Amino acid sequence: MKNYQEFKKKYQISLNSQQEKALLAKEGQTLLLAVPGSGKTTVIINRIAYLIQVEKVDPAAILALTFSRMGARDLKQRYSSAFGQDDIHFSTIHSFSLSVIRAYERQYHKRAFEVLANVTPFIRQLYLKLFKAYPSEIELAEMTQRIGYVKNMLLTRSEIEALPALEVDFFKLFQAYEKSKQDQGLMDFDDLLKYTYGLLKRHPEMLASFRDRYRYIHLDEAQDTSKIQFKIIQLLAGSQGNLFLVGDEDQSIYGFRGAYPQFLLSFKTIWPAGQVLLMETNYRSSQAIVGCADQFIRLNSERYQKKMVTSNPKGLPLRREWVKSLAAQYQLILESIRKEGKETAVLYRNNESAIPLVDLLDREGIPFLMKEHHPAFFNHFIIKDIRSFYEFSLRPNDYDLFCQLYYKMDLAISKEMVGSVKIRASETAIRALIRENRDKTWLVKRLELVEKELARLKTMPPQKGIDLILDELGYRGFLQFKIGAGHSEENLNQKLSVLKILAGRSECFDAYFEHLQALSEKLKESRIYKQKKPRVTLSTFHSSKGLEFDKVFVIDAVEGTIPCSASREDPGLFGEEVRLFYVGSTRAKNELIFICVSDQKNGVFPSPFIGYLIDGIPKKKPQEQKHQGGERFGMKRNDPIKKLPKVDEADLQAYQVGATVSHRRFGKGQIISRNGDVVNVQFEKVGNKKMNLSVCLENGVIQ
């Protein structure tokens, strides 16, 4: 083909000026920043075809990389559909890294470690060995994700130890994990990256061979690429290579797994002769959505200046639909789906948000597609504990059940007291404790109250029963302890909210637990009724990236969920929260509706992001506002699990081994050991108790 014009005519290619400029950028380094819906994939595949057909580049000299297998597969399929088959290497960065390792093995006649395909059983066994307990599925997921994050971000030991605490010593597990793999000659998928980077650094002749082979490197979804992945790309391109990066720092939402958008912001520092190009036209969304989203993303300052525009019609204004409770939002969406045949999506922050809606859609026989679901929700310890409380109310003589629950009921009794109690025939453990502690008036009153509430629990409807377990039986205090030990406050509140919504659809606990089991099985089935076209797609913000829908509902966008509470003190995390909300909002083509919950009684308020998107950013940006009493944006907080401002380090220093303390319930005691925030206190009246010092101080129960 002689020239570009012939190429365009043959394939009926129509590009705007910004897209065309990017396509024709043949030599050197180019960073193309593409706003949502701007046609970045179209530009990539057309550019590759242009290089081959007009510039006569050998297809084998082109390397096209992206983060996910789905992304690589999509690029390859779209290229083949438009231009036919060519010998182009479409690949994930992990897969490319494996090809480098295999080349090393052939060239140097050495054998690399075997790849450990499934790390979960490996980590489970190590956890059991180190901590003498089985991890939950949620803990396993947290550990696996953090190990990947550590490797992708190339963290040092001090940086690893500075990460937020988990329930167990993560660094201890990480060290054991690395040593065990090495001893067995194994490496995980993220080790592929580190191994490849080391090979290319140590063997210049090998690096030169790959540079000579792949003279034109393309990287899609550059904002999702991690630090170690960028370092591999940087080595391959060198200072003079032809590199074409496509991404958008405004859409970087995978920081939790190591995405490193700072690399895009440093592009001109790394390649001073490179060029930064923009694609600012959104072909997806209406003017109303594009205009609001373009203003909203300006909450972030660490970004390239872009102005997203569209020639689409103005469209419907963004709107809020107010409901009085989280449960009511699902019914509102169901009614909308019944009335309209539009392509609809329901987006949310956490997977659990979809469960009550899945339940309603299934009952109504409405086809739906769920982009992802992690069934670990139904194995969560909160569900198991609620079931145990109910079973104990039916079988108060079950001593084993009592041993599982006593420390979750704020009874202020020690393990030794429970172990030494002498239970008479037909006597419950609670009655035995009352009999043996008649001199402790406060303890007898508490035990009698728990006994009375347990008797009420067995006949209560489940929604009210859960409240009784939380408040009257003291389970809320146990959850507060779990938060202090590293559990996410937002996640626990979210699970409680979903469980209570589902509980409201059952008349008794037996029916409730049957309902949960049936729903768990339903979510394990095919994600879509294949005989029908889905009328609604359910997706997290993260999984919706790259998708588009005529009408989008956003649910559970409440304060404390997005932005999450942790972002109050972390500007970097706050920036990612802004980007996540931006990505979710720009999935809509014509209608964008936020279900706003105003439930002051239960401390539920709409996310401030909704106001910033629809009404505009306040003159003083939120991240610049001073925090009053630990609150953000000057908005009230009254979370279901109340959390007070963090304790200063200076306040903790006084609580050393040997110090005498006074506990509001347990009385006077002495600290006999301390590990971080966790202390063992020997109390005069109740014996040894282990507790989280920060939590106790935050709640004013110890001094």
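The values are calculated or read from the model by the stated rules, or taken from the named source; none is laboratory data. Note that the structure is a prediction, hence the values are computed from the model and not measured. We place every Cβ from the backbone using ideal geometry, glycine too, and count neighbours over all the protein chains shown. Only protein heavy atoms, including side chains, enter the accessible area calculation; ligands, DNA and RNA are left aside. Shrake-Rupley method; radii C 1.70, N 1.55, O 1.52, S 1.80 Å.
For the reader, a short list of remarks on this structure follows.
- Surface accessible to a 1.4 Å probe, Val115 within the full protein complex, Å²: 50
- Of all DSSP bridge pairs formed entirely within the chain, close to 30 percent run antiparallel.
- Calculated over segment 144-183: convex hull of Cα atoms, volume per residue (Å³): 72
- In the complete set of protein chains, residue-level accessible area for His218 is approximately 0 Å², probe 1.4 angstrom.
- Within the chain: Cβ-based charge dipole about Cα centre, in debye rounded to nearest 20 (Lys, Arg +1; Asp, Glu -1): 460
- The Stokes-Einstein estimate for segment 36-76, based on a Kirkwood radius over Cα pairs and taken at 25 °C with 0.890 mPa s viscosity, is a diffusion coefficient of 219 µm²/s.
- Computed over Cα pairs, the Kirkwood radius of segment 41-140 leads via Stokes-Einstein (1.002 mPa s, 20 °C) to a diffusion coefficient of 127 µm² per second.
- With every protein chain in place, the chain: carbon and sulfur % of accessible area (1.4 Å): 49
- Simple point charges give the picture: +1 on the Cβ of Lys and Arg, -1 on the Cβ of Asp and Glu, and for segment 1-86 a dipole about the Cα centre of about 180 debye.
- Count, lysine Cα pairs under 25 Å in segment 362-453, 8 or more residues apart or across chains: 14
- Counting every alpha-carbon pair across segment 312-363, the share separated by more than 12 Å comes to 73%.
- Residues of type aspartates and glutamates that Lys26 reaches as a straight line, Cα spacing below 15 Å, ignoring anything fewer than 8 places off in the same chain: Glu55, Asp58
- Accessible area per residue, Å², the chain with all protein chains present, probe 1.4 Å: 46
- For the chain, adding -39500 (n - 2.57) for each run of n ≥ 4 DSSP H residues and dividing by the number of residues yields -14000 deg cm²/dmol at 222 nm.
- Peptides 385-393, 142-150, ordered by how many other C-beta atoms sit within 10 Å of their residues on average, highest first, read 385-393, 142-150.
- Length gained on full extension, Ala425 to Asp550: 38.3 nm, using 0.36 nm per residue less the C-alpha separation.
- Ordering Ser585, Gln331, Phe131 by Cα displacement along the dipole of the chain toward the positive end leaves Ser585 in first place; charges were set at the Cβ atoms of Lys, Arg (+1) and Asp, Glu (-1).
- Cα gyration tensor shape for segment 281-371, rounded if a/c is under 1.5, else prolate or oblate: prolate
- Pairwise centroid distance, computed over Cα atoms, of segment 439-481 with segment 166-194, Å: 43
- Placing unit charges on each Cβ (+1 for Lys and Arg, -1 for Asp and Glu) gives segment 1-135 a dipole about its Cα centre, and among Ser95, Thr41, Gln5 the Cα reaching farthest toward its positive end belongs to Ser95.
- Here the alpha carbons of the chain define both size measures, Rg and Dmax, at 28.7, 100 Å.
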